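One structure is given below, encoded as structure tokens.
The values are calculated or read from the model by the stated rules, or taken from the named source; none is laboratory data. In this text, all values refer to a predicted model and were calculated from it rather than measured experimentally. Cβ: placed from backbone, ideal geometry, glycine included. Neighbour counts: every protein chain shown. Quick note on the areas: whole protein, heavy atoms, side chains included, nothing else; ligands and nucleic acids left out. Shrake-Rupley method; radii C 1.70, N 1.55, O 1.52, S 1.80 Å.
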Amino acid sequence: SARYENGAYILYFTGSDGIYLANSNDGINFTITDDIPVLSPGVLPEQNNEGGQIGSYQDPFILNFAAGKRMYFWINSKGLWSAFQENN
């Protein structure tokens, strides 16, 4: 999921151990904000299936609300989930 906010491009993307955040000033060159995922499962199962790893996060999408951000994501074989982060 990519978006333009407050003069910068923000990219949420999935890695093998969670969902990460990267920023860019030009929308082409991105820098990972932190080596720690912004959202990650406690333990990723070793089991795999045809559609991807069971339990891994996929396809993150962020919506901003007055009280904070809600991230929607797919967990293979489990369906659509979301997590909410309140504004500080």
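Overview of results
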{"item": "Residues of the stretch 4-53 classified as at pLDDT below 90, open to solvent by less than 30 Å² (accessible area, probe 1.4 Å) and β-branched (Val, Ile, Thr), total", "result": "1"}
{"item": "Asn64 vs. criteria on the phi > 0 side of the Ramachandran plot, surrounded by fewer than 16 Cβ atoms within 10 Å (Cβ to Cβ), out of contact with any helix residue (DSSP H, G or I) (no Cβ under 8 Å at 6 or more places or on another chain) and at pLDDT below 90", "result": "no"}
